[in-house]
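**Q** Have a look at the structure that comes next, please.
The values are calculated or read from the model by the stated rules, or taken from the named source; none is laboratory data. Since the model is a prediction, treat every value here as computed from it, not as a measurement. Heads up, the Cβs are rebuilt from the backbone with ideal geometry, glycines too, and the neighbour counts pull from every protein chain shown.
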Amino acid sequence: AGAATALAERAAERGGRPPARPAESTRVQRKKAARELETNRQMIWRRIRRGIYIALGVAFLGPILAFAVGWLVFSVPSPDDSAVSQVATISFTDGTELAKIVPKGNVNRVKVSLEEIPEHVQRAVLSAEDRSFYSNPGFDIGGIGRAIWNQLTGGTGGGSTITQQYIKVTSREDQATLWRKYKEIVIAAKISKNQTKEQILENYLNTVYFGRGAYGVQAASQAYYGKKVDQLSVSEAAMLAGLIQSPARWDPKKEPVRSQERWAFVLDGMVSQSWLSPTDRAAATFPATIDEKPTIGLPEGPRGHIYTQIKKELEDKKISETQLNQDGLKITTTVDKKAQQQAEAAVAATFKGQPANLRSALVAIDPKTGAILAYYGGSNGVGFDYAQALKPPGSSFKPFVLLAALQRDPPIGLGATYDGSSPRVIKGQKVNNSEGYNCYNCDLKRAMKESINTIFYQVGTDVGPDRVAEAAHQAGIPTDRLPDPSGGLALGDKEVRPVDMASAFATFAADGQYHAPHMIAKVETADGRVLYAGDADAGEPRVPQQVARNVTEAMLDVAGFSGLPVNGANQVASKTGTVQHRLPGQNQDAWMVGYTPQVSVSVWVGTDQNEPIKASGGRPIYGRMLPGQAWQRFMNSFMRDKKKESFSAFFPLGTPPSQPVPTDEHGQPVDPNGGDGEQQQQPDDTTCNLLFCPNGGNPNGGNPNGGNPNGGDLDNGGIPQGLPAEGRATVPVGYPP
């Protein structure tokens, strides 16, 4: 009782608070909490370890189980499984038939034993496709890993062994999917267990597609060389082996440069594997091939080039030519039937009676979508496609110089004036205008119309050749074109293709929106599966709208000034181009490129051997002559039934252009003092005022030479001396304008 009383008194002294717990009780609580925490940690780690073990088990046992199931389910394909063919149909955009591709017989394939195939042919194929064939298990783990990664990240490729390729060909499954790779691995392992490497290689060489409708190396040997496989040389075998990855792209008759690159790759691989001596490699020359025999149903004449481009586009979309031949594909193109007929008619009418060595191309593109509406690459549809030919564009390249100038800070506007006299020495280079033509104080719009070389060379060097190349790429010239630009780029000294020019000018027509040029709208199989359906392309804003519209403004007067007005068009922007030959007074290439809001059209004229281009009368051809006439004929017919459209409103950048020369409803210059500008009393073109001469400067009904009293063109002349000629003979004076 006394103790209790004492405790109560002490509690009262502390304000009624209970006494503190003993220290021993606090330590017990802490130990208990620590034990509970440790227990929780152990439970968490046990769960984590269990999860890891399960994941490892699934990762290890899952593939084994999947492999076992696949081993039981998937059958080994036979070489004959690929020998199935169906008719493929290609149609115009309105659904009418453009071509029906009927494989010859069943499949163009002739079986041969491995003993009948020379060892150097076998090794050429191994060098091209699978150098580790005799040591790998039938599949490439690294390649499969890359394929899986690319599938997950949206990339392409990954690599396949010959065994995997054989499975892909015989199973007719070419879609880039993880399921196909899984199936390939299982079947490849199964084949490798049941067949020798020699049997696998023999089957592969008898089924793989080489192009030209040829399956197997024997049929390919006949298709490209007209001989049996046992007669092939090492060089011929290397060319064939190089085709396997992309037969449509690397046929030497159509793509000689790419074919030679692949040929060299194969031979170099044979050297690296000690299958060919360096001496024999050095002595090897690229073999000549025979012409392709037309496929049954292949479009005749110029439309054969459409078929070739479609095959290339299909490959870009991962749809193989094997699928084209075996799956009965139904391909709807963007090609407009009426526009194609108009293109062919325009070229035929223009070149009737002209020298036989002249070659031409015409490409028409819808600026709003990038759809190719008409495509003419030459009259021989199984020959070289001139719409894909690399040629210097001359003065038709000048709009890209202006594009670079307008994007400089501050911008160089259409009203900026320059000394356009001729000749001039600019940055150490002597530059001439055509026939010494002078424009002592020209703004850029007039310089574009009259194609003043000295001014555009000056502007090009002021903004810098690299900027000019960037501007061209920005508009749509492929980025692998225009290497190592110099001052001469301003006057078109680098090579481009007619299809590139039509596409890049279409970007201007679309107010700076770039749409990739394309020819395929939809692809279906015979059983209705849709392999590709082109969605509406919103385009890519490559060039600021105001800048693109200023470029268009600069070209509005060119067609009328060149005597090439377009009927039925409110406005048309265009540019001619002429490339001078190494021989004085002769030309090598001539261009006309132009557009309305509805269509962008590029026309090129030249020869196979870069010979001087002459019209039937013997005069040199300039841009406003045959190219301009073909362009005008097509544009007139194409625009005849189209609704008239105008370009967007023009708001000048930088210094605005000066007042334009008055024109009539066709864009032809008229005399500001009255009358129609035609001078009735002229002894010859030398007295013609070039500003007021309709029909290109001829008062007697039109001068096809474009207003030059000496048979020339304001596009021609002015090469800076000493500049490279881009694969042509050195041009002493007179630049590709």
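**Q** Go through (1) more than 28 Å from the chain's Cα centre (by Cα); (2) under 30 Å from residue 442 (Cα atoms) one by one and return the number of the condition residue 628 breaks.
**A** The failed condition is (1).
**Q** If you don't mind, there's one more thing I want to ask. Give the number of residues within segment 623-645 that are out of contact with any helix residue (DSSP H, G or I) (no Cβ under 7 Å at 6 or more places or on another chain) and either modelled with pLDDT under 95 or charged (D, E, K, R) (or both).
**A** 6
**Q** If you scan segment 201-246, which residues turn out to be outside any helix (DSSP H, G or I), farther than 27 Å from residue 279 by Cβ and of a type in the set (Gly, Ala, Ser)?
**A** Those that are outside any helix (DSSP H, G or I), farther than 27 Å from residue 279 by Cβ and of a type in the set (Gly, Ala, Ser): 211, 213, 214, 216, 226, 246.
**Q** Are any residues in segment 607-625 more than 11 Å from residue 578 (Cβ to Cβ) and not charged (D, E, K, R), and if so, which ones?
**A** Correct list: 607, 609, 610, 612, 615, 616, 617, 618.
**Q** Given (1) closer than 21 Å to residue 463 by Cβ; (2) crowded, with 22+ Cβ neighbours inside 10 Å; (3) touching a strand residue (DSSP E or B) at 6+ places or on another chain (Cβ under 9 Å), where does residue 542 come up short, assuming only one miss?
**A** If we test residue 542 against (1) closer than 21 Å to residue 463 by Cβ; (2) crowded, with 22+ Cβ neighbours inside 10 Å; (3) touching a strand residue (DSSP E or B) at 6+ places or on another chain (Cβ under 9 Å), just (2) comes out false.
**Q** Looking at (1) farther than 22 Å from residue 189 by Cα; (2) at pLDDT 90 or above, find the lone condition where residue 102 falls short.
**A** (2)
**Q** For segment 517-528: of the residues being over 27 Å from residue 476 (Cα atoms) and surrounded by 11 or more Cβ atoms within 10 Å (Cβ to Cβ), which is farthest from the chain's Cα centre (by Cα)?
**A** Filtering first and then ranking leaves 526.
**Q** When segment 231-247 is examined, which residues are found to be under 19 Å from residue 304 (Cα atoms) and surrounded by fewer than 22 Cβ atoms within 10 Å (Cβ to Cβ)?
**A** Residue satisfying the conditions is 246 alone.
**Q** Can you find even one residue in segment 284-302 that is over 15 Å from residue 127 (Cα atoms), surrounded by 15 or more Cβ atoms within 10 Å (Cβ to Cβ) and within 21 Å of the chain's Cα centre (by Cα)?
**A** yes
**Q** Further question: Tell me which helices (runs of 4 or more DSSP H) are completely within segment 277-352 and hold 2 or more residues being of a type in the set (A, V, I, L, M, F, W, C) and touching a strand residue (DSSP E or B) at 6+ places or on another chain (Cβ under 8 Å), or say none if there are none.
**A** Filter on segment 277-352 gives 304-316, 337-351.
**Q** Is it the case that some residue within segment 315-325 is in the same structural domain as residue 595 (by TED's automatic domain parsing), surrounded by fewer than 19 Cβ atoms within 10 Å (Cβ to Cβ), basic (Lys, Arg) and more than 22 Å from residue 127 (Cβ to Cβ)?
**A** No, there is no match, as no residue in segment 315-325 is in the same structural domain as residue 595 (by TED's automatic domain parsing), surrounded by fewer than 19 Cβ atoms within 10 Å (Cβ to Cβ), basic (Lys, Arg) and more than 22 Å from residue 127 (Cβ to Cβ).
**Q** While we're here: Being more than 30 Å from residue 233 (Cβ to Cβ) and either in the same structural domain as residue 600 (by TED's automatic domain parsing) or buried (at least 19 other Cβ atoms within 10 Å of the Cβ) (or both), is that true of even one residue in segment 382-390?
**A** yes
**Q** Given (1) outside any helix (DSSP H, G or I); (2) in contact with a strand residue (DSSP E or B) (Cβ under 6 Å, 6 or more places away or on another chain), where does residue 430 come up short, assuming only one miss?
**A** Failing condition for residue 430: (2).
**Q** Follow-up question, since we're still on this one. Can you name the residue in segment 578-623 that is touching an Asp or Glu at 6+ places or on another chain (Cβ under 6 Å) and surrounded by 24 or more Cβ atoms within 10 Å (Cβ to Cβ) and, of all such residues, is farthest from residue 402 (Cα to Cα)?
**A** Out of the qualifying residues, it is 606.
**Q** Return the residues of segment 359-376 that are in a loop (DSSP other than H, G, I, E, B), buried (at least 20 other Cβ atoms within 10 Å of the Cβ) and not acidic (Asp, Glu); say none if nothing qualifies.
**A** Across segment 359-376, the qualifying residues are 367, 369, 370.
**Q** Considering only residues that are assigned to a loop (DSSP other than H, G, I, E, B) and under 22 Å from residue 498 (Cα atoms), look in segment 450-482 and name the one that is farthest from the chain's Cα centre (by Cα).
**A** Looking at the filtered set, the residue picked out is 451.
Condition check ((1) farther than 18 Å from residue 114 by Cα; (2) in contact with a Pro (Cβ under 6 Å, 6 or more places away or on another chain); (3) touching a residue at least 40 places away in the same chain (Cβ under 8 Å)) across all residues:
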position	(1), (2), (3)
204	no, no, yes
208	no, no, yes
216	no, no, yes
226	yes, no, yes
246	yes, no, yes
250	yes, no, no
269	yes, no, yes
280	yes, no, yes
285	yes, no, yes
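**Q** Within the set of pairs 6+ apart or on separate chains, which have a first residue in segment 448-464 that is at positive phi, a second that is at pLDDT below 95 and of a type in the set (Asp, Glu), and C-beta atoms under 6 Å apart?
**A** 451/715
**Q** A further question on this structure: Just a yes or no: is a residue in segment 223-230 under 24 Å from residue 381 (Cα atoms) and buried (at least 22 other Cβ atoms within 10 Å of the Cβ)?
**A** Yes, there is a match, as at least one residue in segment 223-230 is under 24 Å from residue 381 (Cα atoms) and buried (at least 22 other Cβ atoms within 10 Å of the Cβ).
**Q** Identify, by number, the condition in (1) modelled with pLDDT of 90 or more; (2) on the phi < 0 side of the Ramachandran plot that residue 274 doesn't meet.
**A** The single condition residue 274 does not satisfy is (2).
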